[in-house]
């Protein structure tokens, strides 16, 4: 599916994506209340070395990227934060790339409760930039690009 998207297939918005778009501004307002910080909307950051690699955090500060997730059920919350309380690998990789491309040293990963509209509850996890992990991620991305995408262009 990823290759099809890169090659021009239409991307359809899922119910989960709609929920995230609907709640993102409310979630960042809750984070502002809790942290007393200011957050700016972020755009797309592209790699200078590998322009096929990009990342778009939801918000940024002077030193951090902010990524917001809005699961619609208690069960899907565990797709983002494991039972051990750690950010799941897929999303850790996402925010590591965001930090790398946005040139930030920290990330704030925010997961809204499935019943956020009623409770305003958010779970906040911080992450620190890991250069070695990012180098591995970039190597993996470039290998996938070479094997699965470039061969179809």
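Taken together, the values in this text are just the output of simple stated rules run on the coordinates, not laboratory data. Just so you know, these numbers come straight off a predicted model, no measurement behind them. Don't worry about glycine lacking a Cβ; one is built from the backbone with ideal geometry, like all the others, and counts go over all protein chains shown.
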> Quick one: helix 131-144 against the long Cα principal axis of the chain, what's the angle to the nearest 10°, folded into 0 to 90?
Replying inline: 50 degrees
>> Starting from the 7 Å offset along Cα-to-Cβ, what nm value, one decimal, do you get for the label separation of residue 144 and residue 130?
In response: 1.7 nm
> From the list (i) 126; (ii) 137; (iii) 108, can you say which value of volume of the Cα convex hull per residue in Å³ was derived from the structure given?
Replying inline: (i)
> For the modelled label position 7 Å from the Cα of residue 74 along Cα-to-Cβ, which residues of the stretch 101-116 have backbone nitrogen atoms closer than 17 Å?
Replying inline: 112-116
> residue 14 to residue 29: extension gain in nm, 0.36 nm per residue of separation minus the Cα-Cα distance?
Replying inline: 3.0 nm
>> So for the chain, averaging the separation of alpha carbon pairs under 8 Å that are six or more residues apart and normalising by length, what relative contact order in percent results?
In response: 21 percent
>> Looking at the chain as a GNM with Cα springs under 10 Å, which of 137, 95, 68 has the largest mean-square fluctuation?
In response: 137
> On a 0 to 90 degree scale, rounded to 10, what angle separates helix 89-102 from the longest Cα axis of the chain?
Replying inline: 80 degrees
> Over the stretch 64-132, what relative contact order in percent results from Cα pairs under 8 Å that are six or more residues apart?
Replying inline: 39 percent
> Given springs between every Cα pair under 10 Å in a Gaussian network model of the chain, which of 139, 58, 84 has the largest fluctuation?
Replying inline: 84
> What is the helix-to-structure angle for 15-35, meaning the angle in degrees between its Cα long axis and the longest Cα principal axis of the chain, kept from 0 to 90 and rounded to the nearest 10?
Replying inline: 60 degrees
> So which residue, out of 14, 123, 76, gets the largest mean-square fluctuation from a GNM of the chain using Cα contacts under 10 Å as springs?
Replying inline: 14
